[in-house]
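Notes for the one structure printed next.
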Amino acid sequence: MSGSWLPRAVPTMVGSMPHKDRTVVMDLVLSNVRDMPFWPQLSPYPAESMMEQYLEGLPGLRKTDGRVFVNTEDELFEKELYDFYDDCVRISEDPPSIKKSERFAFGPETGRTFRFFVEALKKRLPVKAVKGQVVGPFTLLSGLRDHRGRLLLYDDRMVDVVTRHLAMKGLWQLYQLKELSDRVIIFYDEPALAGFGSSAFISISHGFVSNLINEVVSILKPAGALIGIHVCANTDWSLLLNSSIDIVNFDAYNYGEKFLIYGSQIVSFLERGGLVAWGLIPTDEEEKVFCETSRELFERAIALFGKLGAPDRWVAERAIITPSCGCGTLSEKAAERVIELLIGTSDNIRDYFGF
(Lines give C-alpha, C1' and ligand atoms only; values in the text may rest on other atoms or scores of the structure.)
Protein backbone atom coordinates (compact mmCIF):
# COMPACT_ATOMS: atom_id res chain seq x y z
CA MET A 1 0.00 0.00 0.00
CA SER A 2 1.00 3.66 0.13
CA GLY A 3 2.96 3.24 3.34
CA SER A 4 3.20 6.27 5.60
CA TRP A 5 2.37 8.90 2.99
CA LEU A 6 -0.76 10.90 3.68
CA PRO A 7 -1.74 13.14 0.73
CA ARG A 8 -4.15 15.22 2.86
CA ALA A 9 -6.56 16.20 0.07
CA VAL A 10 -3.87 17.12 -2.44
CA PRO A 11 -5.34 17.79 -5.91
CA THR A 12 -4.48 16.14 -9.22
CA MET A 13 -6.22 15.40 -12.52
CA VAL A 14 -7.38 12.26 -14.29
CA GLY A 15 -5.47 12.91 -17.52
CA SER A 16 -7.09 14.17 -20.71
CA MET A 17 -7.35 17.84 -21.67
CA PRO A 18 -8.92 19.48 -24.76
CA HIS A 19 -6.09 21.89 -25.52
CA LYS A 20 -3.96 21.83 -28.65
CA ASP A 21 -1.26 24.31 -27.64
CA ARG A 22 1.15 22.34 -25.46
CA THR A 23 2.81 25.44 -24.04
CA VAL A 24 -0.50 26.87 -22.89
CA VAL A 25 -1.80 23.67 -21.30
CA MET A 26 1.50 22.88 -19.61
CA ASP A 27 1.65 26.29 -17.99
CA LEU A 28 -1.99 25.86 -16.92
CA VAL A 29 -1.26 22.48 -15.36
CA LEU A 30 2.04 23.27 -13.69
CA SER A 31 0.94 26.65 -12.38
CA ASN A 32 -2.11 25.18 -10.67
CA VAL A 33 -1.60 21.48 -9.94
CA ARG A 34 1.71 22.00 -8.24
CA ASP A 35 1.88 19.34 -5.52
CA MET A 36 0.98 16.33 -7.67
CA PRO A 37 1.35 17.38 -11.32
CA PHE A 38 0.21 15.08 -14.11
CA TRP A 39 1.05 14.93 -17.78
CA PRO A 40 -2.00 15.76 -19.92
CA GLN A 41 -3.22 13.59 -22.78
CA LEU A 42 -4.37 16.06 -25.42
CA SER A 43 -7.57 14.89 -27.08
CA PRO A 44 -7.13 16.93 -30.31
CA TYR A 45 -4.22 14.62 -31.21
CA PRO A 46 -5.38 11.11 -32.26
CA ALA A 47 -2.01 9.63 -31.24
CA GLU A 48 -2.79 10.65 -27.64
CA SER A 49 -6.22 9.01 -27.41
CA MET A 50 -6.60 6.69 -24.45
CA MET A 51 -6.07 3.39 -26.26
CA GLU A 52 -4.07 4.47 -29.31
CA GLN A 53 -1.32 5.90 -27.12
CA TYR A 54 -0.42 2.50 -25.66
CA LEU A 55 -0.59 0.19 -28.68
CA GLU A 56 2.96 0.63 -29.96
CA GLY A 57 5.00 -2.53 -29.54
CA LEU A 58 2.03 -4.89 -29.15
CA PRO A 59 2.58 -8.20 -30.98
CA GLY A 60 0.28 -8.74 -33.94
CA LEU A 61 -0.91 -5.14 -34.11
CA ARG A 62 -2.07 -4.20 -37.60
CA LYS A 63 -3.63 -1.07 -39.08
CA THR A 64 -5.53 -1.43 -42.34
CA ASP A 65 -7.93 1.07 -43.93
CA GLY A 66 -8.40 2.88 -40.67
CA ARG A 67 -9.06 -0.35 -38.76
CA VAL A 68 -6.80 -1.28 -35.84
CA PHE A 69 -6.71 -4.94 -34.82
CA VAL A 70 -4.46 -7.83 -33.80
CA ASN A 71 -3.80 -10.59 -36.31
CA THR A 72 -2.79 -13.74 -34.46
CA GLU A 73 -2.67 -15.78 -37.68
CA ASP A 74 -0.24 -13.53 -39.52
CA GLU A 75 2.94 -15.41 -40.49
CA LEU A 76 5.00 -12.88 -38.48
CA PHE A 77 2.96 -13.16 -35.31
CA GLU A 78 4.88 -16.02 -33.67
CA LYS A 79 8.19 -14.20 -34.11
CA GLU A 80 6.68 -10.98 -32.79
CA LEU A 81 5.38 -12.90 -29.80
CA TYR A 82 8.77 -14.47 -29.14
CA ASP A 83 10.53 -11.11 -29.34
CA PHE A 84 7.94 -9.58 -27.01
CA TYR A 85 8.43 -12.17 -24.28
CA ASP A 86 12.19 -12.03 -24.76
CA ASP A 87 12.08 -8.29 -24.08
CA CYS A 88 9.88 -8.85 -21.01
CA VAL A 89 12.28 -11.43 -19.56
CA ARG A 90 15.33 -9.23 -20.09
CA ILE A 91 13.62 -6.27 -18.43
CA SER A 92 12.42 -8.40 -15.50
CA GLU A 93 16.08 -9.25 -14.83
CA ASP A 94 17.07 -5.58 -14.91
CA PRO A 95 14.00 -3.31 -14.57
CA PRO A 96 15.85 0.04 -14.96
CA SER A 97 16.98 -1.13 -18.41
CA ILE A 98 13.44 -0.40 -19.62
CA LYS A 99 14.42 3.27 -19.81
CA LYS A 100 16.17 2.43 -23.08
CA SER A 101 13.41 0.19 -24.45
CA GLU A 102 12.00 1.12 -27.84
CA ARG A 103 9.09 -1.32 -27.59
CA PHE A 104 7.64 0.05 -24.35
CA ALA A 105 8.54 3.72 -24.81
CA PHE A 106 6.20 6.32 -26.22
CA GLY A 107 6.90 7.02 -29.89
CA PRO A 108 7.57 10.47 -31.38
CA GLU A 109 3.86 11.34 -31.67
CA THR A 110 2.31 9.35 -28.84
CA GLY A 111 4.87 10.75 -26.42
CA ARG A 112 5.20 14.32 -27.62
CA THR A 113 3.20 15.84 -24.75
CA PHE A 114 4.70 13.46 -22.19
CA ARG A 115 8.21 14.53 -23.08
CA PHE A 116 7.14 18.18 -23.15
CA PHE A 117 5.81 17.70 -19.61
CA VAL A 118 9.01 16.08 -18.34
CA GLU A 119 11.16 18.95 -19.59
CA ALA A 120 8.75 21.59 -18.29
CA LEU A 121 8.48 20.02 -14.84
CA LYS A 122 12.26 19.86 -14.43
CA LYS A 123 12.15 23.65 -14.10
CA ARG A 124 9.50 23.58 -11.34
CA LEU A 125 10.78 20.99 -8.89
CA PRO A 126 10.38 19.86 -6.16
CA VAL A 127 6.91 18.30 -6.04
CA LYS A 128 5.26 15.99 -3.50
CA ALA A 129 4.46 13.39 -6.15
CA VAL A 130 4.08 13.06 -9.89
CA LYS A 131 1.27 11.20 -11.66
CA GLY A 132 1.26 9.25 -14.89
CA GLN A 133 -1.45 7.16 -16.50
CA VAL A 134 -1.94 4.12 -18.71
CA VAL A 135 -5.07 2.58 -20.20
CA GLY A 136 -6.13 -0.38 -18.08
CA PRO A 137 -5.84 -3.96 -19.36
CA PHE A 138 -9.54 -4.75 -18.97
CA THR A 139 -10.47 -1.65 -20.99
CA LEU A 140 -8.00 -2.37 -23.78
CA LEU A 141 -8.92 -6.05 -23.94
CA SER A 142 -12.61 -5.17 -24.18
CA GLY A 143 -12.01 -2.52 -26.83
CA LEU A 144 -9.49 -4.13 -29.19
CA ARG A 145 -10.38 -7.00 -31.53
CA ASP A 146 -8.52 -9.62 -33.50
CA HIS A 147 -8.58 -10.11 -37.27
CA ARG A 148 -11.85 -12.07 -36.98
CA GLY A 149 -13.59 -9.35 -35.02
CA ARG A 150 -13.42 -11.15 -31.68
CA LEU A 151 -12.56 -9.14 -28.57
CA LEU A 152 -9.09 -9.92 -27.23
CA LEU A 153 -10.79 -10.34 -23.87
CA TYR A 154 -11.73 -13.86 -24.99
CA ASP A 155 -8.28 -14.89 -26.25
CA ASP A 156 -6.30 -16.31 -23.31
CA ARG A 157 -2.98 -15.80 -25.01
CA MET A 158 -3.67 -12.16 -25.82
CA VAL A 159 -5.02 -11.53 -22.32
CA ASP A 160 -1.56 -12.34 -20.98
CA VAL A 161 0.21 -10.37 -23.71
CA VAL A 162 -1.89 -7.22 -23.34
CA THR A 163 -1.65 -7.22 -19.55
CA ARG A 164 2.13 -7.62 -19.58
CA HIS A 165 2.40 -5.04 -22.35
CA LEU A 166 0.50 -2.41 -20.35
CA ALA A 167 2.38 -3.24 -17.17
CA MET A 168 5.62 -2.63 -19.07
CA LYS A 169 4.25 0.62 -20.49
CA GLY A 170 3.62 1.70 -16.91
CA LEU A 171 7.10 0.56 -15.84
CA TRP A 172 8.74 2.61 -18.61
CA GLN A 173 6.75 5.65 -17.55
CA LEU A 174 7.67 5.06 -13.91
CA TYR A 175 11.39 5.17 -14.63
CA GLN A 176 11.04 8.37 -16.66
CA LEU A 177 9.06 10.06 -13.89
CA LYS A 178 11.38 8.84 -11.14
CA GLU A 179 13.83 11.45 -12.39
CA LEU A 180 11.34 14.10 -11.26
CA SER A 181 10.13 12.74 -7.91
CA ASP A 182 10.78 9.92 -5.49
CA ARG A 183 7.03 9.36 -5.30
CA VAL A 184 5.53 8.28 -8.63
CA ILE A 185 1.88 7.31 -9.01
CA ILE A 186 0.76 5.37 -12.07
CA PHE A 187 -2.99 5.29 -12.63
CA TYR A 188 -4.59 2.66 -14.83
CA ASP A 189 -7.75 4.06 -16.43
CA GLU A 190 -10.47 1.41 -16.51
CA PRO A 191 -13.73 2.93 -17.82
CA ALA A 192 -14.79 -0.51 -19.10
CA LEU A 193 -15.02 -1.78 -15.51
CA ALA A 194 -18.24 0.23 -15.30
CA GLY A 195 -19.73 -2.62 -17.33
CA PHE A 196 -18.28 -5.37 -15.15
CA GLY A 197 -21.04 -7.64 -13.89
CA SER A 198 -23.44 -6.58 -16.65
CA SER A 199 -24.77 -8.86 -19.39
CA ALA A 200 -22.03 -7.56 -21.70
CA PHE A 201 -19.40 -9.33 -19.58
CA ILE A 202 -21.50 -12.02 -17.95
CA SER A 203 -18.79 -14.66 -18.40
CA ILE A 204 -16.03 -12.52 -16.82
CA SER A 205 -15.35 -13.42 -13.18
CA HIS A 206 -13.90 -11.50 -10.25
CA GLY A 207 -10.90 -13.79 -10.44
CA PHE A 208 -10.25 -12.89 -14.06
CA VAL A 209 -10.12 -9.15 -13.35
CA SER A 210 -8.14 -9.70 -10.14
CA ASN A 211 -5.51 -11.58 -12.13
CA LEU A 212 -5.15 -8.62 -14.51
CA ILE A 213 -4.64 -6.27 -11.56
CA ASN A 214 -2.20 -8.61 -9.83
CA GLU A 215 -0.07 -8.91 -12.95
CA VAL A 216 0.30 -5.13 -13.17
CA VAL A 217 0.98 -4.83 -9.44
CA SER A 218 3.63 -7.58 -9.51
CA ILE A 219 5.64 -5.67 -12.12
CA LEU A 220 5.29 -2.07 -10.93
CA LYS A 221 5.22 -2.28 -7.14
CA PRO A 222 8.68 -3.83 -6.70
CA ALA A 223 10.04 -0.90 -8.74
CA GLY A 224 8.51 1.57 -6.28
CA ALA A 225 5.33 2.76 -7.98
CA LEU A 226 2.10 3.62 -6.23
CA ILE A 227 -0.68 2.16 -8.34
CA GLY A 228 -4.14 3.64 -8.76
CA ILE A 229 -7.16 2.52 -10.75
CA HIS A 230 -9.68 5.04 -12.05
CA VAL A 231 -13.24 4.02 -12.96
CA CYS A 232 -15.43 6.85 -14.21
CA ALA A 233 -18.81 5.30 -13.33
CA ASN A 234 -20.19 2.76 -10.89
CA THR A 235 -18.74 -0.74 -10.60
CA ASP A 236 -18.37 -3.56 -8.10
CA TRP A 237 -16.01 -1.62 -5.84
CA SER A 238 -15.19 -4.66 -3.72
CA LEU A 239 -13.08 -5.83 -6.64
CA LEU A 240 -10.68 -2.89 -6.19
CA LEU A 241 -11.02 -2.36 -2.45
CA ASN A 242 -9.92 -5.94 -1.80
CA SER A 243 -7.01 -5.75 -4.23
CA SER A 244 -3.38 -4.79 -3.59
CA ILE A 245 -3.55 -1.45 -5.43
CA ASP A 246 -2.78 1.75 -3.53
CA ILE A 247 -5.44 4.16 -4.78
CA VAL A 248 -9.07 3.84 -5.83
CA ASN A 249 -10.22 6.80 -7.95
CA PHE A 250 -13.95 7.17 -8.57
CA ASP A 251 -16.60 9.65 -9.70
CA ALA A 252 -17.69 10.99 -6.33
CA TYR A 253 -19.80 13.69 -7.93
CA ASN A 254 -22.27 11.29 -9.57
CA TYR A 255 -21.71 8.04 -7.67
CA GLY A 256 -20.66 9.05 -4.17
CA GLU A 257 -23.60 7.41 -2.42
CA LYS A 258 -23.21 4.18 -4.38
CA PHE A 259 -19.53 4.03 -3.48
CA LEU A 260 -20.38 4.47 0.21
CA ILE A 261 -22.45 1.28 0.14
CA TYR A 262 -19.04 -0.40 0.48
CA GLY A 263 -18.29 1.66 3.61
CA SER A 264 -16.73 -1.05 5.77
CA GLN A 265 -14.55 -2.24 2.89
CA ILE A 266 -13.48 1.35 2.15
CA VAL A 267 -12.44 1.85 5.78
CA SER A 268 -10.54 -1.46 5.76
CA PHE A 269 -8.80 -0.42 2.55
CA LEU A 270 -7.75 2.88 4.17
CA GLU A 271 -6.61 1.10 7.34
CA ARG A 272 -4.33 -1.12 5.24
CA GLY A 273 -2.65 1.99 3.84
CA GLY A 274 -4.82 2.55 0.78
CA LEU A 275 -5.94 5.95 -0.46
CA VAL A 276 -9.15 7.15 -2.09
CA ALA A 277 -9.09 9.73 -4.88
CA TRP A 278 -12.45 11.46 -4.72
CA GLY A 279 -13.63 12.67 -8.14
CA LEU A 280 -15.59 15.62 -6.79
CA ILE A 281 -15.46 17.97 -9.78
CA PRO A 282 -17.98 17.26 -12.59
CA THR A 283 -16.69 16.79 -16.11
CA ASP A 284 -19.62 15.09 -17.84
CA GLU A 285 -21.62 18.25 -18.68
CA GLU A 286 -20.37 21.78 -19.21
CA GLU A 287 -23.48 23.20 -17.57
CA LYS A 288 -22.55 21.46 -14.32
CA VAL A 289 -19.00 22.76 -14.56
CA PHE A 290 -20.16 26.37 -14.65
CA CYS A 291 -23.02 25.97 -12.15
CA GLU A 292 -21.00 24.45 -9.31
CA THR A 293 -18.81 26.36 -6.87
CA SER A 294 -15.78 25.12 -4.97
CA ARG A 295 -17.60 25.88 -1.71
CA GLU A 296 -20.54 23.66 -2.66
CA LEU A 297 -18.19 20.88 -3.75
CA PHE A 298 -16.25 21.21 -0.49
CA GLU A 299 -19.49 20.81 1.47
CA ARG A 300 -20.35 17.73 -0.58
CA ALA A 301 -16.92 16.27 0.18
CA ILE A 302 -17.30 16.81 3.93
CA ALA A 303 -20.73 15.17 3.83
CA LEU A 304 -19.34 12.11 2.01
CA PHE A 305 -16.36 11.81 4.36
CA GLY A 306 -18.71 11.91 7.33
CA LYS A 307 -20.80 8.99 6.09
CA LEU A 308 -17.96 6.47 6.17
CA GLY A 309 -18.27 5.81 9.89
CA ALA A 310 -14.70 6.94 10.53
CA PRO A 311 -13.40 10.34 11.72
CA ASP A 312 -13.73 12.73 8.77
CA ARG A 313 -10.27 14.17 9.37
CA TRP A 314 -8.78 10.66 9.22
CA VAL A 315 -10.60 10.09 5.90
CA ALA A 316 -9.45 13.46 4.54
CA GLU A 317 -5.82 12.70 5.40
CA ARG A 318 -6.06 9.68 3.11
CA ALA A 319 -7.84 11.55 0.32
CA ILE A 320 -6.72 12.84 -3.05
CA ILE A 321 -9.05 15.27 -4.82
CA THR A 322 -9.65 14.91 -8.58
CA PRO A 323 -12.23 15.68 -11.25
CA SER A 324 -14.79 12.95 -11.84
CA CYS A 325 -13.09 12.00 -15.12
CA GLY A 326 -10.84 13.48 -17.79
CA CYS A 327 -11.55 16.85 -19.39
CA GLY A 328 -10.85 15.81 -22.98
CA THR A 329 -14.47 16.14 -24.14
CA LEU A 330 -14.95 19.62 -22.67
CA SER A 331 -14.17 23.00 -24.20
CA GLU A 332 -10.91 24.62 -23.16
CA LYS A 333 -12.83 27.18 -21.11
CA ALA A 334 -14.72 24.45 -19.26
CA ALA A 335 -11.56 22.43 -18.63
CA GLU A 336 -9.92 25.51 -17.16
CA ARG A 337 -12.96 26.00 -14.94
CA VAL A 338 -12.59 22.37 -13.76
CA ILE A 339 -9.03 23.14 -12.65
CA GLU A 340 -10.25 26.27 -10.85
CA LEU A 341 -12.92 24.23 -9.02
CA LEU A 342 -10.42 21.48 -8.25
CA ILE A 343 -7.91 23.78 -6.61
CA GLY A 344 -10.63 25.69 -4.76
CA THR A 345 -12.24 22.52 -3.42
CA SER A 346 -8.90 21.07 -2.33
CA ASP A 347 -7.90 24.35 -0.65
CA ASN A 348 -11.21 24.50 1.22
CA ILE A 349 -10.80 20.95 2.50
CA ARG A 350 -7.22 21.52 3.55
CA ASP A 351 -8.06 24.80 5.28
CA TYR A 352 -11.00 23.18 7.08
CA PHE A 353 -8.80 20.46 8.56
CA GLY A 354 -5.72 22.63 9.00
CA PHE A 355 -3.54 20.61 6.60
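The values are calculated or read from the model by the stated rules, or taken from the named source; none is laboratory data. What you are looking at is a predicted structure, and each value in this text was computed from that prediction instead of being measured. Note that each Cβ is placed from the backbone with ideal geometry, even for glycine, and that neighbours are counted across all protein chains shown. Remember, those area values only see protein heavy atoms, side chains included, never the ligands or the DNA or RNA. Shrake-Rupley method; radii C 1.70, N 1.55, O 1.52, S 1.80 Å.
Of the heavy-atom accessible surface of the chain (probe 1.4 angstrom), what whole percent is carbon and sulfur?
Values: 7040 of 14260 Å².
On the chain, the fraction of accessible area on carbon and sulfur atoms equals 49 percent.
Kirkwood Rh over alpha-carbon pairs of segment 17-63, then Stokes-Einstein at 4 °C and 1.567 mPa s: what D in µm² s⁻¹, rounded to an integer? Provide the component values of the computation, followed by the final result.
Working: Rh = 12.3 Å.
Taking Rh from Cα pairs, D becomes 106 µm²/s.
Taking a 18 Å limit on the Cα-Cα distance, which of the listed pairs 20/99; 123/178; 100/169; 131/221 fall beyond it?
Values: 20/99 28 Å; 123/178 15 Å; 100/169 12 Å; 131/221 15 Å.
Listed pairs above 18 Å: 20/99.
Quickly estimate the mean residue ellipticity at 222 nm for the chain, helices only: each DSSP H run with n ≥ 4 gives -39500 (n - 2.57), and the total goes over all residues, rounded to 500. Before the final figure, lay out each step's value.
Details: 13 runs with 149 residues, N = 355.
Roughly -13000 deg cm²/dmol at 222 nm, from the helical runs in the chain.
Could you state the number of Å between the C-alpha centres of segment 203-238 and segment 1-56?
Rounded to whole Å, the Cα centres lie 20 Å apart.
What number results when the radius of gyration of segment 1-86, computed over Cα atoms, is divided by 2.2 N^0.38 Å?
On the way: Rg = 18.8 Å, N = 86, 2.2 N^0.38 = 12.0 Å.
With N residues counted in segment 1-86, Rg over 2.2 N^0.38 Å equals 1.58.
For the chain, taking Cα atoms only, what is the radius of gyration to one decimal and the Dmax to the nearest whole Å?
For the chain, the Cα-based Rg and Dmax read 19.6, 63 Å.
Specify which residue in the list 77, 239, 314 is farthest towards the positive end of the charge dipole of segment 16-353, using unit charges on the beta carbon of Lys, Arg (+1) and Asp, Glu (-1), about the Cα centre.
Comparing the listed Cα positions along the dipole, 314 ranks first.
With every protein chain kept in place and ligands, DNA and RNA left out, what is the accessible area per residue of segment 16-353? Probe 1.4 Å, answer in Å². If you can, show how the numbers build up before the last one.
Values: 13670 Å² over 338 residues.
In whole numbers, segment 16-353 has 40 Å² accessible per residue.
With Kirkwood's inverse mean 1/r over C-alpha pairs for Rh, give me the Rg to Rh ratio of segment 169-259, two decimals please. Write out the running numbers ahead of the final one.
Values: Rg = 14.1 Å, Rh = 14.0 Å.
Expressed as Rg/Rh, it is 1.00.
How do 162-171, 61-70 rank on mean C-beta neighbours within 10 Å, highest first? Write out the running numbers ahead of the final one.
Values: 162-171: 24.5, 61-70: 12.0.
Order by mean packing, descending: 162-171, 61-70.
Taking the highest mean first, how do the peptides 238-246, 80-88 order by number of other beta carbon atoms within 10 angstrom per residue? It would help to have the intermediate numbers written out before the result.
Details: 238-246: 19.4, 80-88: 15.3.
Final packing ranking: 238-246, 80-88.
Can you pull the accessible area of residue 219 for me, 1.4 Å probe, Å² to the nearest 10?
30
Using a Förster distance of 45 angstrom, determine the FRET efficiency expected from the C-beta separation of residue 238 and residue 115, and round it to 0.05. Walk me through the intermediate numbers first.
Working: r = 38 Å, r/R0 = 0.85.
The formula returns an efficiency of 0.70 here.
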